[in-house]
Amino acid sequence: MEKKILVATLYLKDGQPVKNNTDFSVLGDLYEYAKMYDDSGIDKLYVFDLSDDDDEHEENLRAIRQLNRLIDIPTCGGGNIRRMEDVKKLIYAGCKQIMLNASKNGCLELAKEAADRYGKDRMLVSVKNVDFIFKHQQEMDDLFHEVLVMDDSVLDAVDNLSHTPYVVYYNGSDFADVYSLLERENSRGICGPMFDDVSTDIMLFKTNLGEAGLWMDNFKPEIQWAQLKKNSDGMVPCIVQDYRTNEVLMLAYMNEEAYYTTLSSGKMTYYSRSRNELWTKGLTSGHIQYVKSLTADCDFDTILAKVSQVGVACHTGSMSCFFNEVVKKEYIERNPLKVLETRYDTILQRRYEPKEGSYINEIFDKGSDEILKKLGEEFTEVIIAAKNPDTAHIKYEIADLLYHLMIMMVDKNVTWDDITQELSQR
């Protein structure tokens, strides 16, 4: 049996998320919504551009690009796709897949061109009835990785006409119906209002579907509680890290109930020794920790949790509980990203807190053109150094180049996080 997926949908109007393709009521902050889907356990996100003109289309593309920098789940872009250039822009914006509309003229021709250029695995098509599938049965399997079937009443006909896997749109909320739709052989997943609602407990829903016999992408532990070594209180300490930065956030303890509640809910749950009760981090404060991974150490007596932290981890208001310095020995930081971020922060500070005699302030005072001129000179120096058989000198020129590149980044309000997120999409 193939793994089944749960899909959420975002509709964009003027760069903002709206209720659906007919109701343009703004739901809230786009990136907060996307992050909630990312953390909740949703497996894929459909993003539909509802723009009316080219300016709005570009605004929505910018929103999609930023969205893809902030979330980890794959996105499929759709809406307002009329030519190959639109397909290319969505892919460059970070979408892993593209959704074409079968009811639009030229859909099949565009699918052929896009599948030939970017691969069948990137191409999806939405259908409201079986006409398109009936007329193009051979092309369906050749051109499309997946079909979005907008009417679940036609699934029997779809199954008879094509072997292409599909995601079905379901307008209800009944568990039995969801299970019935997902257990079909060609069914890959399901979407609909129930899964767009951020209040739906997606991980619990996946757990229930898994227990009913479906293969879901949820937390099925490789290590059972009985295999872990407990302390004298019958618990296991859990060290918690931010999954993006690796910053250590806190230390807490789990008992068996907390362990399995964490796995079924996807939210870090601990046992409070002071209150003698189970507690899910953030239920009262909103500072929830969404599980990204759990790993046991070599002795099976400690768990390392990597999480997506909403808000802060510490009850004092600090991001991390570890901020009381005991001792510190000076050392040279060699972590490349930390080195670059530290230098970047220094440049940023100089920009807004000028220091007399500062080289950085001297360049900023001369303006953007001077920054770009200096950057061009440094590029040239790197090229000249690279032509020299002795490569020892090139590291100094590269360092100069990166330094001036960061000055330009600060001038243009671009951060290293922006760059690494962009690279991760390549």
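Any idea how many residues of the stretch 300-357 are among the acidic types (Asp, Glu) and touching a Phe, Trp or Tyr at 6+ places or on another chain (Cβ under 6 Å)? Explain how you work it out, then say what you get.
Step one: of the stretch 300-357, the residues among the acidic types (Asp, Glu) are 301, 325, 330, 333, 341, 345, 353, 356.
Those still in the list that are touching a Phe, Trp or Tyr at 6+ places or on another chain (Cβ under 6 Å) too: 341.
Total meeting the criteria: 1.
If Val158 satisfies all but one of (1) more than 20 Å from Asn60 (Cβ to Cβ); (2) touching a residue at least 24 places away in the same chain (Cβ under 8 Å); (3) outside any helix (DSSP H, G or I), what's the number of the condition it fails?
(3)
Within the stretch 40-51, can one find any residue that is basic (Lys, Arg), outside any helix (DSSP H, G or I) and under 21 Å from the mean Cα position of the chain (by Cα)? Give the derivation first.
Let us first name the residues in the stretch 40-51 that are basic (Lys, Arg), namely 44.
Pick out the ones that are also outside any helix (DSSP H, G or I) and you get 44.
If we keep only those that are under 21 Å from the mean Cα position of the chain (by Cα) too, we end up with 44.
Looking for residues that are basic (Lys, Arg), outside any helix (DSSP H, G or I) and under 21 Å from the mean Cα position of the chain (by Cα), one finds at least one in the stretch 40-51, hence yes.
Out of everything in the stretch 271-309 that is over 27 Å from the mean Cα position of the chain (by Cα) and farther than 18 Å from Ile239 by Cβ, what residue ends up being least open to solvent (accessible area, probe 1.4 Å)?
Leu278
Restricting to the stretch 290-308, name every residue that is within 14 Å of Leu251 (Cα to Cα) and of a type outside the set (Gly, Ala, Ser).
Leu294, Asp301, Thr302, Ile303, Leu304, Lys306, Val307
When you go through (1) open to solvent by less than 50 Å² (accessible area, probe 1.4 Å); (2) aliphatic (A, V, I, L, M); (3) in a loop (DSSP other than H, G, I, E, B) one by one for Val198, which number turns out not to apply?
The single condition Val198 does not satisfy is (1).
Are there helices (runs of 4 or more DSSP H) fully within the stretch 338-424 with at least 3 residues that are over 30 Å from Ala63 (Cα atoms), modelled with pLDDT of 90 or more and open to solvent by 80 Å² or more (accessible area, probe 1.4 Å)? List them.
359-366, 368-387
Take the stretch 219-240 and flag every residue that is under 30 Å from Met319 (Cβ atoms), open to solvent by 30 Å² or more (accessible area, probe 1.4 Å) and within 23 Å of the chain's Cα centre (by Cα).
Phe219, Pro221
If the requirement is being under 30 Å from Gln66 (Cα atoms) and of a type in the set (D, E, K, R), which of these qualifies: Glu362, Glu353? Even if it seems obvious, please write down each step before you answer.
On the way: Glu362 fails: under 30 Å from Gln66 (Cα atoms).
Selected residue: Glu353, the only one of Glu362, Glu353 that is under 30 Å from Gln66 (Cα atoms) and of a type in the set (D, E, K, R).
Please enumerate the residues belonging to the stretch 1-39 that are aliphatic (A, V, I, L, M), in a strand (DSSP E or B) and open to solvent by less than 10 Å² (accessible area, probe 1.4 Å). Lay out the reasoning, then the answer.
From the stretch 1-39, those aliphatic (A, V, I, L, M) are 1, 5-8, 10, 12, 18, 26-27, 30, 34, 36; that's our starting set.
Right, trim to in a strand (DSSP E or B) and you get 5-8, 10, 12, 18, 26.
Selection gives Leu6, Val7, Ala8, Leu10, Leu12, Val18.
For the stretch 201-218, give me each residue that is open to solvent by 80 Å² or more (accessible area, probe 1.4 Å) and either without any contact (Cβ under 8 Å) to a residue 60 or more places away in the chain or more than 22 Å from Ser293 (Cα to Cα) (or both).
Once the filter is applied, which keeps residues that are open to solvent by 80 Å² or more (accessible area, probe 1.4 Å) and either without any contact (Cβ under 8 Å) to a residue 60 or more places away in the chain or more than 22 Å from Ser293 (Cα to Cα) (or both), the stretch 201-218 yields only Glu211.
What's the total number of residues in the stretch 54-77 that are farther than 18 Å from Leu423 by Cα and charged (D, E, K, R)?
5
Go through the stretch 31-62 and count every residue that is under 16 Å from Thr200 (Cβ atoms) and of a type in the set (S, T, N, Q).
Residues meeting the conditions: 1.
The values are calculated or read from the model by the stated rules, or taken from the named source; none is laboratory data. Just so we're clear, the structure is a prediction, and the values are computed from it rather than from any experiment. Neighbour counts run over all protein chains shown; Cβ positions are idealised from the backbone, glycine included. When the accessible area is computed, the model is the full protein with side chains, heavy atoms only, and any ligands, DNA or RNA have been set aside. Shrake-Rupley method; radii C 1.70, N 1.55, O 1.52, S 1.80 Å.
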